[in-house]
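To start, the structure itself, in structure tokens.
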Amino acid sequence: MARLEETNRQEKPREHCGVLGILCDDKSQHVAKYVYTGLMALQHRGQEAAGIAITDPYKPITVIKENGLVNSVLKPSKIRGLLGNVALGHVRYGTVASSSVENAQPFLYESNEVNFAIAFNGTITNYNILRKKLESKGHVFTTDVDTEVIATIIAATHAVTHDWTEIFTILMKILDGSFSIILMTENGDLYALRDPLGFKPLCIGSFMIGDEEKIEVKVLASETCAIDALSGRVLAHVKPGEIVHVEYNNGIHTETILKAPQKAFCFFEFVYFANAASELDGISVYDVRKRLGAILARKNRINSDNTIVVPCPDSGRSAALGYAQSAHLPFEEGLMKNRYITRTFIMPGQDQRRSLVNLKLTPVKKIIKGKDVILIDDSIVRGTTTRKIVRLLKQHGARSVHLRISCPPIRYPCYMGIDFPTREELIAANLTVDEICKNIGADSLVYQEMDGLLEAIGIDATGLCTACLNSKYPLKNPPQLEILEDSFTKNR
Ligand code: SF4
């Protein structure tokens with residue numbers, strides 16, 4: 001059996017996780033249903049596993065987590081039985097090697113001294129070093145994931161101090177990597193923290209419930225689209241190096257613990273990972289994507305009466321719209337996506353692998369026949385899928401296909417939590433732009449330039465991570481590549 005994820009593996013880089021925390025001061029309110037709604041909105045950040053941890057100030061923490069999409073893991077029958085006014089939620093993407101349900105989150109840490117649940121988005125690059133250190137001190141691990149290492153450090157620190165702010169300050173100093181973490185204590189408080197470079201997004205919001213909408217519920221989430229799905233309002237974006245305490249019956253408190261001289265927000269969140277409806281650190285993802293398209297259009301004009309602008313669904317849509325508006329060209333949905341072909345889709349046999357792109361995308365012949373197609377996508381990783389799409393458009397009558405890519409060439413791997421192929425597999429690491437154009441069979445190929453990327457996002461280079469474009473890795477210690485490669489292949 002050939003799974004689509006194997007066939008099209010890493011056609012796009014993949015985000016690892018989405019996190020969510022919900023707290024209502026009214027203990028008679030059960031928040032599991034809101035976790036379900038919020039996680040559905042964050043589903044794009046991880047489709048392999050989903051989970052919830054729930055409690056109230058007087059009950060032990062209950063965890064449900066399984067492999068699968070949110071709507072299959074958190075079925076209404078399960079949600080109805082989950083009582084509690086405080087909860088954590090998580091959606092996860094992991095590689096095949098790590099698909100065991102034990103590696104799903106939230107992770108529940110239980111000991112005689114302290115109980116808590118934790119949900120995490122990111123990657124700890126000094127994971128192996130930390131794990132070995134902890135093992136040498138007698139700590140035993142039951143999973144392969146860095147969440148357990150983080151939880152163990154928290155528990156070990158809790159043995160020394162019960163001050164959670166102090167615990168997280170120590171944690172931030174020990175961890176190297178990208179992390180947005182939400183933790184739920186057994187007393188029913190929520191804490192959130194974001195790494196000092198701010199790789200991953202994290203925001204705070206609230207929404208109202210009850211007959212007259214007088215009961216406030218507080219939310220912590222990877223993206224604002226989760227708060228929108230709950231009809232809430234965004235209160236703030238967690239700052240890099242900041243700790244947020246959502247305290248039962250005592251409001252929200254924030255404290256910046258570690259301030260790095262620069263930030264390193266993952267630019268790919270804007271280009272591809274995040275929901276276009278989200279705002280990241282106050283910047284609209286949709287606006288950025290449209291600006292990326294408009295800047296590309298400025299750079300290179302194609303003048304023909306026959307020209308149409310077509311997005312690669314769904315990720316190229318906003319950029320294609322920006323391109324079309326800026327170039328005064330018609331925007332056409334020339335490729336239709338089969339929404340039922342998901343990562344879990346199973347093909348009946350190996351020999352059918354080649355037809356997966358044809359199954360996933362159907363060209364609208366009437367629109368593309370005889371046209372010069374400007375095809376907009378957000379990135380090219382290996383080039384395999386792009387080549388198939390270009391061929392598909394030509395087979396269905398496109399006169400020419402001009403590929404425009406809204407981010408600069410990806411030439412280097414990511415060691416901060418994004419599932420990229422190795423350098424050998426990245427097409428832009430091995431071929432020039434002209435060679436790539438020839439390789440994928442396009443009539444022309446233009447990438448976004450770094451200046452255009454920064455202009456579209458509106459943050460200068462000191463505020464973003466762009467390491468997969470230029471190898472300027474922003475971590476405080478140089479990443480230990482062998483250990484990380486090892487970690488990616490064995491532990492995730
Ligand atoms: S290397 Fe690229 S994908 Fe990884 S965090 Fe940096 S910008 Fe994001």
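When LYS394, LYS472 are arranged by Cβ crowding within 10 Å, least crowded first, meaning fewest neighbours, the order is LYS472, LYS394. Pairs of Cα atoms under 8 Å, at least six residues apart: use those to get the relative contact order of segment 2-262, whole percent. Answer for segment 2-262 is 20 percent. For LYS27, a cut-off of 25 angstrom between C-alpha atoms picks up these lysines, skipping any fewer than 8 places away in its own chain: LYS59, LYS65, LYS75, LYS78, LYS214, LYS218.
Just subtract the alpha-carbon distance of ASN71 and GLU135 from 0.36 nm times their residue separation and send over the number in nm, one decimal. Spell out each step's value before the answer.
Values: separation 64, 0.36 × 64 = 23.04 nm, distance 3.72 nm.
So the chain would gain 19.3 nm between ASN71 and GLU135.
Basic side chains Lys and Arg get +1 at the Cβ, acidic Asp and Glu get -1 at the Cβ, and with that the dipole of the chain about its Cα centre reaches some 1980 debye. Here's the picture: charge each Lys and Arg Cβ at +1 and each Asp and Glu Cβ at -1 in the chain, and of ASN103, LEU426, ILE182 the one pushed furthest to the positive end of that dipole is LEU426.
Here segment 2-262 is treated with +1 on each Lys and Arg Cβ and -1 on each Asp and Glu Cβ, and its dipole about the Cα centre works out to around 520 debye. Listing VAL114, VAL160, VAL309, VAL149 from fewest to most neighbouring C-beta atoms within 10 Å gives VAL160, VAL114, VAL149, VAL309.
Placing R0 at 30 angstrom, the Cβ-Cβ distance between ARG80 and GLU213 gives a FRET efficiency of 0.85 after rounding to 0.05.
What shape does segment 280-473 take by its C-alpha gyration tensor, where a ≥ b ≥ c are the square roots of the eigenvalues and a/c under 1.5 counts as rounded, a/b above b/c as prolate, and the rest as oblate?
Working: a/c = 1.58, a/b = 1.15, b/c = 1.38.
Because a/c hits 1.5 or more and a/b fails to exceed b/c, segment 280-473 counts as oblate.
Would you compute, from DSSP H runs of 4+ residues alone, the mean residue ellipticity of the chain at 222 nm, taking -39500 (n - 2.57) per run and dividing by the full residue count, rounded to the nearest 500?
Details: 18 runs with 145 residues, N = 492.
Theoretical 222 nm ellipticity from helices: -8000 deg cm²/dmol.
Report, in whole Å, the centroid distance computed from the Cα atoms of segment 224-279 and segment 284-327. Cα centroid of segment 224-279 versus Cα centroid of segment 284-327: 29 Å apart. Given the pairs LYS133/LYS173; LYS137/LYS239; LYS299/LYS388; LYS137/LYS173; LYS33/LYS337, which span a C-alpha to C-alpha distance of over 23 angstrom in this model? As for pairs spanning more than 23 Å Cα to Cα, those are LYS137/LYS239; LYS299/LYS388; LYS33/LYS337.
Quick note: the coordinates plus some simple rules give every number you see, no bench work behind them. The structure presented is a predicted model; accordingly, all values stated were derived computationally and were not measured. Positions of Cβ are generated from backbone atoms using ideal geometry, with glycine treated the same way; all protein chains shown enter the neighbour counts.
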